[in-house]
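Written out below as C-alpha cells is the structure these notes cover.
Each reported figure results from applying straightforward, stated rules to the coordinates on display, with no laboratory input. All values reported here derive from a predicted model rather than from experimental measurement. Here the Cβ positions follow ideal geometry from the backbone for every residue, glycine too, while neighbour counts run over all protein chains shown.
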Amino acid sequence: MLGWPQDGPTLRLDYRRFAYAGKFVVGSTGKAVVRDGTESAGKYADHVLAAASFSPDRTDADCLVVRYVTVRDDQQGEGLGSRLLAFVAARAADHGYEQVRIAVNNPAAFVAAYRAGFAFTGRETGLAELVCERPADAPATRDADAYRDGLDRYRARDLDSAARDRLDAKAAAGPPAPIDAEPGS
C-alpha cells in the first residue's frame, strides 16, 4: 500500500508498459502496487508489476471505488490484478469501508474482478463499463447467471470470432472461485 487518498501518493509508471499510466501521477487517489522486490533506478517505477488507484465514492462514504487497475504488459494473465484487487478490498475493510466497487471495461478485467471476490451488479456506467461490487470484508455472494449476463454484455459488442469463443468458454466454466487477499503489499 503506497498510501490512501489523503496521503496524496503518486506513482510514475512507464506509459509504454502500463495502460492508464498517466492516471497514477495524480495525488488525489490512494495507490497500491505489486512489486518485484527491487528498487527503481530510472525515472519510472520499474519495480512495479501492477498498480491500483482508489478513492471514496463521492455519494457513499461507506464505499471505496477502485478507479484504475493496470498490470505491466509482460505480467498480464498471471493473476496480479485479481490479487491486487483482493488486497485493496481487505485494506478497505481495515479502514472502515463496507463496500468496494469497480467498473470494468473488458472481459479480462471482469474475470479478474470476479477472482477478487466481486460480483456483477447488473449496472453499466461510463463508456460501457460493467459495475462490480463486493463487501470489503469478504467476497460477494455471486450468482452464475449474473456472471454470464456480464459476459453476454461483452458478447453483444463488435468482437471477432476468437474473442467470442473465449467468452463462450468463460461462460461455460462459470464464475471463477475467489482468491484470498495476500497479507503483504
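For the chain, the antiparallel share of DSSP beta bridges with both residues in that region comes to about 85%. Potential lengthening of the chain between ARG12 and THR121 amounts to 36.0 nm, from the contour at 0.36 nm per residue minus the alpha-carbon distance.
Placing unit charges on the Cβ atoms only, positive for Lys and Arg and negative for Asp and Glu, gives the chain a dipole magnitude near 400 debye about its Cα centre.
When each of the peptides 55-63, 107-115, 67-75 is scored by how many other beta carbons lie within 10 Å of its residues on average, the order from highest to lowest is 107-115, 67-75, 55-63.
Evaluate the relative contact order of the chain (contact order divided by residue number), counting alpha-carbon pairs under 8 angstrom at least 6 apart; express in whole percent.
17 percent
Order the peptides 159-172, 140-153 from the highest to the lowest mean number of other Cβ atoms within 10 Å of their residues.
For the peptides 159-172, 140-153, the packing ranking is 140-153, 159-172.
Charge tally for GLY96 (other residues, Cβ to Cβ under 12 Å; Lys, Arg +1; Asp, Glu -1): -3. The equivalent ellipsoid of the chain has semi-axes of 26, 20, 15 Å, largest first, where each one is the square root of 5 times an eigenvalue of the Cα gyration tensor. Placing R0 at 22 angstrom, the Cβ-Cβ distance between ALA163 and TYR20 gives a FRET efficiency of 0.55 after rounding to 0.05. Simple rule: put +1 on each Lys or Arg Cβ and -1 on each Asp or Glu Cβ in the stretch 33-149, find the dipole, and look at GLY81, PHE120, ALA103; the Cα lying farthest toward the positive end is GLY81.
Neighbour counts of other Cβ atoms within 10 Å put GLU98, GLU39 in the fewest-to-most order GLU39, GLU98.
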